[in-house]
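Quick notes on the structure that follows.
No lab work stands behind these numbers, since they all come straight from the coordinates. Keep in mind that what you see is a predicted model, and the values were worked out from it rather than measured. All Cβ positions, even for glycine, are placed from backbone atoms using ideal geometry, and neighbour counts span all protein chains on display.
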Amino acid sequence: MRAFTVSLACLALAGCNLVHTSKPLIGPSLTAPKLREGLWARQDKGCVVDPAKPAKTWPACADAFRVAPDGLHDLKGGKPADAAAYRFSPGEPWLIQVAPRGGKPKGYFYAAIDPTARDPQGRITALSGWVVACGPVAKGEMVTAHPFPGLTKDRGKNAAGCSTTELSKLRAAARLSRTVSEVSSVRWIRDAEH
């Protein structure tokens, strides 16, 4: 279940079987909704956390990140200065583009999301989502041998992902990824992290 949260925060995965681009496919939008700023969490089923306590003290069954004006911050392992910028593209499905700063991986990574709750100001406060994958992965493989249509598999010794240059191909891959990626839910917890 950690894969979606970590991909959203863009701080751990090196892109294994994930769609990435060297240039953004999603531009700025004045009308796209925003995530509510503050502490967000993803919890395994049956995982109990005290939301009033600092996220670093939560059990391993829960992931936490902070949404701030400068982006997404991992609160259980990332460097505080490393934020991932994000942008939305409403559609079927919605897409979120994340761009890590301060290290690796470099580029832009993508997840599909389904906003499930909003606050009175229209900011998203809960969502389910899944990473946009390159395609189905056979047991023992790190990246698919059969990318979804419109995706190009990375080449080279350490190739572990795929790319595209078209938003329509990315959105089509996002729809297909729901069948091969784990769907996770994240939700807003409170305004600030201790």
*Those aspartates and glutamates that a straight Cα-Cα span of less than 15 Å connects to residue 169, excepting residues fewer than 8 apart in one chain*: 92
*Can you list the aspartates and glutamates whose alpha carbon is less than 12 Å from that of residue 34, not counting same-chain residues fewer than 8 positions off?*
119
*asked:* Give me Rg/Rg_expected for segment 2-190, where Rg uses Cα atoms only and Rg_expected = 2.2 N^0.38 Å with N residues.
replied: 0.99
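Which whole-number percent gives the relative contact order of segment 2-190, counting Cα pairs below 8 Å spaced six or more residues apart?
29
Past 28 Å, Cα to Cα: identify those pairs from 106/153; 106/157; 23/153; 45/106; 45/157; 23/139, in the order given.
Violating the 28 Å limit, Cα to Cα: 45/106; 45/157; 23/139.
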_Protection proxy ranking, peptides 107-118, 39-50, 16-27, average beta carbon neighbours within 10 Å, highest first_ = 107-118, 16-27, 39-50
*Enter the angle in degrees (range 0 to 90, nearest 10) between the Cα long axis of helix 167-177 and the first principal axis of the Cα atoms of the chain, meaning the one along which they spread out most.*
80
*asked:* What distance in nm lies between label points placed 7 Å from Cα along the C-beta direction at residue 23 and residue 128?
replied: 3.6
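Any idea what diffusion coefficient segment 98-183 gets from Stokes-Einstein, in µm²/s, Kirkwood Rh on alpha carbon pairs, 4 °C, 1.567 mPa s? Working shown, then result.
Numbers: Rh = 14.4 Å.
Estimated via Stokes-Einstein, D reaches 90 µm²/s.
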